[in-house]
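Only one structure is covered here, and it is reproduced in the block below.
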Amino acid sequence: CRSQGLTFSITYDICEVSPGPHLNMIIGANGTGKSSIVCAICLGLAGKPAFMGRADKVGFFVKRGCSKGMVEIELFRTSGNLVITREIDVAKNQSSWFINKKSTTQKVVEEQVAALNIQVGNLCQFLPQDKVGEFAKLSKIELLEATEKSIGPPEMHRYHCELKNFREKEKQLETSCKEKTEYLEKMIQRNERYKQDVERFYERKRHLDLIEMLEAKRPWVEYENVRQEYEEVKLARDRAKEEVRKLKEGQIPMTRRIEEIEKQRHVLEARIKEKATDIKETSQKCKQKQDIIERKDKQIEELQQALTVKQNEEHDRQRRISNTRKMIEDLQNELKSAENCENLQPQIDAITNDLRRVQDEKALCEGEVIDKRGEKESLEKERKSVGDNIVRFDNLMNQKEDKLRQRYRDTYDAVLWLRNNRDKFKQRVCEPIMLTINMKDNKNAKYIENHISSNDLRAFVFESQEDMEVFLKEIRDNKKLRVNAVIAPKSSYADKAPSRSLNELKQYGFFSYLRELFDAPDPVMSFLCCHYHIHEVPVGTERTRERIERVIQETRLKQMYTAEEKYVVKTSFYSNKVISSNTSLKVAQFLTVTVDLEQRRHLEEQLKEINRKLQAVEAGLIALCERNKHLEHKDNELRQKKKELLERKTKKRQLEQKISSKLGSLKLMEQDICTSLHIQKVDLILQNTTVISEQNKLESDYMAASSQLRVSEQHFIELDESRQRLLQKCKELMKRARQVCNLGAEQTVPQEYQTQVPTIPNGHNSSPPMAFQDLPNTLDEIDALLTEERSRASCFTGLNPTVVEEYTKREEEIEQLTEELKIKKVELDKYKENISQVKERWLNPLKELVEKINEKFSNFFSSMQCAGEVDLHTENEEDYDKYGIRIRVKFRSSTQLHELTPHHQSGGERSVSTMLYLMALQELNRCPFRVVDEINQGMDPINERRVFEMVVNTACKENTSQYFFITPKLLQNLPYSEKMTVLFVYNGPHMLEPNRWNLKAFQRRRRRITFTQPSQ
């Protein structure tokens, strides 16, 4: 793969380079653009801009004043040439990629370049001018890596990376194994020291376990004894219960008969109580009558003695009778004078119709009230919505005021003062311009802020000089605030037409004048038009910037704006030439908040209209309420009239009833019923006596049977209490036995603890555990054995359970560590085997490669009567990340070989060493081409000549990679080869354009000049 051609337009307008297949020498004076060819190769092959050491953004490599740049590189390839194109957009700092004229991505380009073994980031392959000094600064490790990538087989660098990774993991495993082994040995030694104590602990534990088993069996034995006693009591209780049941069954007929007689007795007693009550009431009445008779007799005797008094009383009685008759006569007259019912009915019907009509009208009025209230609620919601929108606009205005307060506090304080003191001024006073300006589109705010100075943006605008003096005296002199103030022109400039129509300028990309980008009060707009000519300054787009030279020449505009720049055009007083300057626009800070004042005025008018409608609705609602109140009053009046008529209609009936009550007399129906009541009572008492006699007989028999029943029940109760007591004791003993055996309350006794499985009332098993079969079965024997075992256990003293726990824990940890150590060692052996295999595949080819480089490098230095060697250097053969290529050189016979460093050799010596090392790589290189830029700058003439001869001889051999050698100068009488391609770079204001250059025509003119000179 070789570079067939290079076309680019980043430093030049356009330049095409056609290099040769071998050595390409690019010569040109400083500043002509030689290194631009290197930059174009690097950028065209997807190299990073920072690698050249000139700029970190690709847009900086495009010629100033151009918006785009392009690099096209054609690479020779046996399967077909590869054409890579990169188009650079300066504004976006982005690139578009093409392969063989087809759009692609940078990643695909990088893959294609890497497939051809092109490494523009490798200093051994691509050495720009600004990176020459860095080559000598490469460490031995970095130089080895660059050499591997440049001339080594593709797998060599991969093997080296694998070795470094394997070695790092091997070190980690070795360290881990060593630490684990040491820790394991310490654990084993520590456990050996405590082994005897642990054995004594377990001997004591065996005794304690036996004691625990004995203590566990003791409650089981106690439980079994009580359980047997419980079973005996249970049987006796069951027999007593059966006897009680039989006795109760024998009493059932007598009980039923007693219940029936008891019910009959209750009925008779209830009737006796009723009759006794009647007799008592009748006796009281008889007594009262008797008392009355006695009093009457007494009165008769008294009347006979006091006849005069009785005659007077008779007169009084006659008078009362006369009064009563007169009262009856008056009632009868009133009844006659009352109106007939048929005469009142039409009036009642008329009032009913009126009442119905009033109620219908009232219902209609209430419906209208509901509609009015609904309309009122709707209007209030609409008013709230409009009010919220106005508040939102005010909040946007507050944002602008906050920015003013943060940046210009004095101006903000002056604004507050002005709002409270507007009555002191005769004419209109506008707040600072930045508050009164309202952008139609906040994207255009940057043009206004860049056009109007910050001092004027925060200036107050006055229509009167007198008002301005009053304001400044108060604000500046009295309050010591630093503010600005301006006066609007007396005649308004706000509507002044521009000198040129906007339609004439649209062809250049202009879309508006500055004045049309915002709204402002008339004094502010007039001031800006007068002093800043905003009605004459157009605003354009990116299209305007692309045609700026044409715009300046044809429009003769003094000021204009493009998308991101401001242009100012002036004419020189001396040469009459047009001079233009451009500045980048600053980002807008104050005018980005947009408040649509027209919409806010519309909202205020809408709010006024809503308030007007709301007042009208409220007035109508009040009228409807008054009307409803009037109808309510009328309804009440009609109801009252109807009520009076209805009362008059029913009055006759009431009078008749009243007269009947007065005329009627009560007839005494009292008769002597006491005798009859007594007879009935005696009969009931006899019946009751018979029933009670029968009841007494039955109760006597019942008591005889109950006596025997109570005895049986008492015996049953005693047996049941004994059973309950034994059952409770059994439960307590079972609970204790379960606690001793660590069994839960609901847990079933395991099979290994059981011998037999009898069942007790609580559902638990009662048998002792099977483990207890070899232990004594009586409490005395268990207590004796417990005493003996406790004595033996007490002989073991000074034992710490914590030691045993730690011992057991360490045993487990030892086992775990042993297993982990085994796995680590297997893994370590595997890594060592991998390292051995990869090392053999990497180190032997590398040594051969370094030996070849050393051979050629030494030969080059020997030809210069100097000495140099290249070797593979490492301090430890196993540290693969420390391997490096060491270059040692000697330029004087009196000195020893010294390692090439940035400090020991001079700049020229470093350049010679670097160049010869690169030449040593030339014939071994796998890369298609190599680039070296101005490496001969620091060489002395002798070394420069020698190096140049070596470059020519080496790079012009067959089967070597293509070579680009860039230099600003050359010595005289240097040797050249037919296979060389020399490219001269010229640049200047009088150079021909590339499309007008014709080499053959130039040669013909040169020959003509040569032939005609002798004849002259």
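At-a-glance table
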| quantity | calculated |
| --- | --- |
| Some residue of the range 22-29 being open to solvent by 10 Å² or more (accessible area, probe 1.4 Å), at pLDDT 85 or above and not in a strand (DSSP E or B) | yes |
| Test set (1) under 15 Å from ASP13 (Cα atoms); (2) at pLDDT 85 or above; (3) part of a helix (DSSP H, G or I); (4) of a type outside the set (Val, Ile, Thr) - GLU72 fails condition number | (3) |
| Tabulated pairs, the range 176-203, first farther than 18 Å from GLU815 by Cα, second outside any helix (DSSP H, G or I), C-beta under 8 angstrom, 6+ apart or interchain | ASP197/LEU799; ASP197/ASN800; ARG200/PHE796; ARG200/LEU799; PHE201/PHE796; PHE201/LEU799; GLU203/PHE796 |
| Checklist (1) part of a helix (DSSP H, G or I); (2) out of contact with any strand residue (DSSP E or B) (no Cβ under 9 Å at 6 or more places or on another chain); (3) not polar (S, T, N, Q) applied to PRO902, failing item | (1) |
| Where LEU502 falls short, out of the listed (1) buried (at least 20 other Cβ atoms within 10 Å of the Cβ); (2) aliphatic (A, V, I, L, M); (3) in contact with a strand residue (DSSP E or B) (Cβ under 8 Å, 6 or more places away or on another chain); (4) assigned by the TED database to the domain that holds ARG545 | (1) |
| Boolean, ILE211 is among the hydrophobic types (A, V, I, L, M, F, W, C) and either without any contact (Cβ under 8 Å) to a residue 24 or more places away in the chain or not in a helix (DSSP H, G or I) (or both) | no |
| Lone unmet requirement of (1) crowded, with 19+ Cβ neighbours inside 10 Å; (2) at pLDDT 75 or above; (3) closer than 23 Å to ILE37 by Cα for PHE98 | (1) |
| Residue list for the range 877-894, restricted to those being touching a Gly at 6+ places or on another chain (Cβ under 8 Å) and not aliphatic (A, V, I, L, M) | ARG888, LYS890 |
| Pair list, Cβ under 9 Å, 6 or more apart: the range 541-561 residue assigned by the TED database to the domain that holds ILE452 and among the aromatic types (Phe, Trp, Tyr), other residue surrounded by 15 or more Cβ atoms within 10 Å (Cβ to Cβ) and in a strand (DSSP E or B) | TYR561/PRO538; TYR561/VAL539; TYR561/TYR567 |
| From the options ASN943, ASN995, ASN973, residue that is over 12 Å from MET25 (Cβ atoms), surrounded by 14 or more Cβ atoms within 10 Å (Cβ to Cβ) and not hydroxyl-bearing (Ser, Thr, Tyr) | ASN943 |
| Residue in the range 486-507 that is assigned to a loop (DSSP other than H, G, I, E, B) and within 50 Å of the chain's Cα centre (by Cα) present | no |
| Conditions (1) farther than 30 Å from LYS400 by Cα; (2) open to solvent by less than 60 Å² (accessible area, probe 1.4 Å); (3) in the same structural domain as LYS443 (by the TED database): number failed by GLY620 | (3) |
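One line per residue, one yes/no per condition, for (1) closer than 19 Å to LEU591 by Cα; (2) in contact with a Phe, Trp or Tyr (Cβ under 8 Å, 6 or more places away or on another chain); (3) not charged (D, E, K, R):
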residue	(1), (2), (3)
SER492	no, no, yes
PRO498	no, yes, yes
GLY509	no, no, yes
PHE518	yes, no, yes
GLU542	no, no, no
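Residue by residue, here is whether (1) open to solvent by 50 Å² or more (accessible area, probe 1.4 Å); (2) more than 30 Å from GLN172 (Cα to Cα); (3) free of Cβ contacts under 8 Å to residues at least 24 places away in the same chain holds:
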residue	(1), (2), (3)
LYS882	yes, no, no
LYS890	yes, yes, no
PRO902	no, yes, no
THR914	no, yes, no
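Yes/no per residue for (1) in contact with a Pro (Cβ under 9 Å, 6 or more places away or on another chain); (2) surrounded by fewer than 19 Cβ atoms within 10 Å (Cβ to Cβ); (3) not hydrophobic (A, V, I, L, M, F, W, C):
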site	(1), (2), (3)
LYS440	no, yes, yes
ASN450	no, yes, yes
ALA459	yes, no, no
GLU463	yes, no, yes
GLU466	no, yes, yes
PHE471	no, no, no
LYS479	no, yes, yes
ARG482	no, yes, yes
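Per-residue answers, yes or no, for (1) over 22 Å from SER453 (Cβ atoms); (2) among the hydrophobic types (A, V, I, L, M, F, W, C); (3) touching a Lys or Arg at 6+ places or on another chain (Cβ under 6 Å); (4) open to solvent by 90 Å² or more (accessible area, probe 1.4 Å):
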| residue | (1), (2), (3), (4) |
| --- | --- |
| GLU536 | no, no, no, no |
| GLU546 | yes, no, no, yes |
| VAL551 | yes, yes, no, no |
| LEU557 | no, yes, no, no |
| MET560 | no, yes, no, no |
| SER572 | yes, no, no, no |
| ASN582 | no, no, no, no |
| LYS586 | no, no, no, yes |
| LEU607 | yes, yes, no, no |
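The values are calculated or read from the model by the stated rules, or taken from the named source; none is laboratory data. Just so it is clear, the model here is predicted, and its values are computed rather than measured. Quick reminder, even Gly has a Cβ in these numbers, built from the backbone with ideal geometry, and neighbours come from all protein chains shown. Keep in mind that these areas ignore ligands, DNA and RNA; they rest on the heavy atoms of the full protein, side chains included. Shrake-Rupley method; radii C 1.70, N 1.55, O 1.52, S 1.80 Å.
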